[in-house]
Amino acid sequence: MTLRLGVNIDHVATIRNARGGVHPDPVTAARIAAAAGADGITAHLREDRRHITDQDIALLMDALTIPLNLEMAATAEMLEIALRHRPHAACIVPEKREERTTEGGLDAAGQLETLGPIVDALSKEGIRVSLFIEPDPRQIEAAMRLGAPVVEFHTGRYAHLDSADRAAELRRIADAAALAAKNGIEPHAGHGLTFDNVTPIAAIPQIVELNIGHFLIGEAIFIGLEGSVTRMRELMDHAR
Ligand code: PXP
């Protein structure tokens, strides 16, 4: 099975917003990523709109010929926006205004009552729901109870640990991917992935999709976006 690459373009918008105006344009970045081998585009409409804006989502929905995965907090406002645009997929993430990025997985097990109606409403509109969780059996069980077809495992801990601890975290992710797949849930993974650390995650056979942003956009400064996406694609394909 080939491994899908979702390119997260949030930080194209971060650079644009540093000066206002329209440059660099996230839609242009999405087109370049698609041409270089991205299977999907991911964008996180944060509650504080620090990077991607409402207009970006509308423009991406109009322009994209590959699926859009909308990352969103579990709020009434974000649910309304997702239902209006009907992206291919919606990934529910925990969100804290003070954090620099999504720092941990969603506590799906502790929020069944809040998440249930949101997962149901999105699913009813044909939007593929994913829950961004830690690689933890309790959270996978919660995803099963909620009827979410996809989970995305947070690889931030894996990415930031060094070797011995990283090997243990890799095993945790591999076990979680096997458990999810065995129970009919499609496992994805993402956060903090780079050229140097992607291979062991990409080699986990049950994982179907990786979502990668910050590193690819940063690396594009040196080798271009086409170059960074192409290289990531090669590493992922080679790992299979
Ligand atoms: N997946 C999810 C659910 C995320 O929230 C993020 C960060 O926005 C990513 C993947 C991509 O992480 P990174 O930007 O570190 O590659």
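Table: residues versus (1) surrounded by 14 or more Cβ atoms within 10 Å (Cβ to Cβ); (2) at negative phi; (3) of a type in the set (Gly, Ala, Ser).
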| position | (1), (2), (3) |
| --- | --- |
| ARG138 | no, yes, no |
| ALA143 | yes, yes, yes |
| PRO149 | yes, yes, no |
| SER163 | no, yes, yes |
| GLY192 | yes, no, yes |
| ARG240 | no, yes, no |
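Being touching a residue at least 12 places away in the same chain (Cβ under 8 Å), among the hydrophobic types (A, V, I, L, M, F, W, C) and in a helix (DSSP H, G or I) holds for only one residue in ALA43, ALA74, ALA82, ALA38, and it is ALA82. If you filter the stretch 215-240 down to residues that are under 26 Å from ASP175 (Cβ atoms) and assigned to a helix (DSSP H, G or I), you find that the one that is farthest from the chain's Cα centre (by Cα) is HIS238. Remark: pairs (first residue in the stretch 180-206, closer than 17 Å to ALA168 by Cβ; second residue among the basic types (Lys, Arg); Cβ separation under 9 Å; 6+ apart in sequence or on different chains) = GLY192/ARG157; ASN197/ARG166; PRO200/ARG166; ALA203/ARG240. The condition of being more than 24 Å from ILE173 (Cα to Cα) and crowded, with 21+ Cβ neighbours inside 10 Å holds for only one of LEU79, LEU45, LEU59, LEU106, that being LEU45. With respect to being surrounded by fewer than 18 Cβ atoms within 10 Å (Cβ to Cβ), within 11 Å of the ligand (Cβ to nearest atom) and in contact (Cβ under 8 Å) with a residue 40 or more places away in the chain, GLY218 fits the description.
Laboratory data are not the source of any read-out in this text; all were calculated from the coordinates shown. None of the values given here were measured: they were computed from a predicted structure. Note that we place each Cβ from the backbone using ideal geometry, even for glycine, and neighbour counts take in every protein chain shown.
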